[in-house]
1. In µm²/s, what is D for region B:1-60 at 37 °C and 0.692 mPa s, where D = kT/(6 pi eta Rh) by Stokes-Einstein and Rh is the Kirkwood radius from Cα pairs?
2. Using just the helices of the protein assembly as shown, give the 222 nm mean residue ellipticity in deg cm²/dmol: DSSP H runs with n ≥ 4 each add -39,500 (n - 2.57), and the total is spread over all residues, rounded to 500.
3. Quick one: net charge around residue A:14, please, counting Lys, Arg +1 and Asp, Glu -1 for every other residue with C-beta under 11 Å from its C-beta.
4. Starting from the Kirkwood Rh over alpha-carbon pairs, what translational D in µm² s⁻¹ does chain A have by Stokes-Einstein at 20 °C and 1.002 mPa s?
5. Give me the accessible area of residue A:53, 1.4 Å probe, in Å² rounded to the nearest 10.
6. Using R₀ = 41 Å, calculate the FRET efficiency as 1/(1 + (r/R₀)^6) where r is the Cβ-Cβ separation of residue A:20 and residue B:59; round to 0.05.
7. Roll a 1.4 Å probe over the protein heavy atoms and report the accessible area of residue A:61 in Å², nearest 10.
8. Could you work out the Rg to Rh ratio of region B:3-138, with Rh taken as the Kirkwood radius (inverse of the mean 1/r over all Cα pairs)?
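The values are calculated or read from the model by the stated rules, or taken from the named source; none is laboratory data. Everything numeric here is computed off the predicted structure, so don't read it as measured data. A quick note on method: Cβ atoms are made from the backbone with ideal geometry, for glycine too, and the neighbour counts reach across all protein chains shown. These accessible areas exclude ligands, DNA and RNA; they are computed on the full protein's heavy atoms, side chains included. Shrake-Rupley method; radii C 1.70, N 1.55, O 1.52, S 1.80 Å.
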Amino acid sequence: MIGRKPLPITNRVAAYRERHGAMSQAALAEAIGVSRQTVVAIEKGHYSPSLETAFRIARLFEVGVEDVFGWEER
Amino acid sequence: MSFRELSAWVMGVLLCVTGADYLKTYLAAAQADGGAPPPLELFMPYAGVVVVASIIAQIVLAALAPKDADRPPDERERPLLWRAGHWAGLVQGGLCVAAVLYVGHSGNSAILFHLVVGGLIVSQIVEYALQIVFLRAGA
């Protein structure tokens, strides 16, 4: 969307999905209990997930939260 | 398009169509009666049609996507839906106050019911429209 301010929280969810047997967005959404649109928003950097959801994603991919999410001053 | 957005579209269109029909019925009846607000009984079928059509629409949507229909709003959707409801509530309150002021000014209390129902319909349409806008903007 034009004019949307980028969030400082970056993520590698799409990359981890690919590594995890090309897991679909819908499958990830189902596994962590959110809608597919929310996974899309997280991957695009339009939405920063709650701490609980961030941990769910990291645990699903069997990595640490900081492996999936980062902080980038913009 | 997400299930929630599709549901908002369907309900919004349903309310636009039935609301327009309400307005048409009101204007036709008022014109036939020299501008006086028509009796409430004339609008009983409207309430029935809205309720039945809403139930049918929700059943069809749920049949198309049973999993999505069963899922409560998630952490991203909840505040967006709440914000849409908040603004729609303000619209409804504003229209109700405007209706009361109008009735107080004009002395035509028979029209109050129709103004409040009209305000309710408009605020619901606003809520569905804002749900669509917020869900799209937040995705």
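1. Details: Rh = 12.9 Å.
This corresponds to a translational diffusion coefficient of 255 µm²/s.
2. Computed ellipticity for the protein assembly as shown at 222 nm equals -23000 deg cm²/dmol.
3. Taking every other residue near residue A:14 into account, the sum is +2.
4. For these conditions, the coefficient is 172 µm²/s.
5. My reading of the accessible area for residue A:53 is about 10 Å².
6. 0.65
7. 10
8. My calculation of the ratio gives 1.04.
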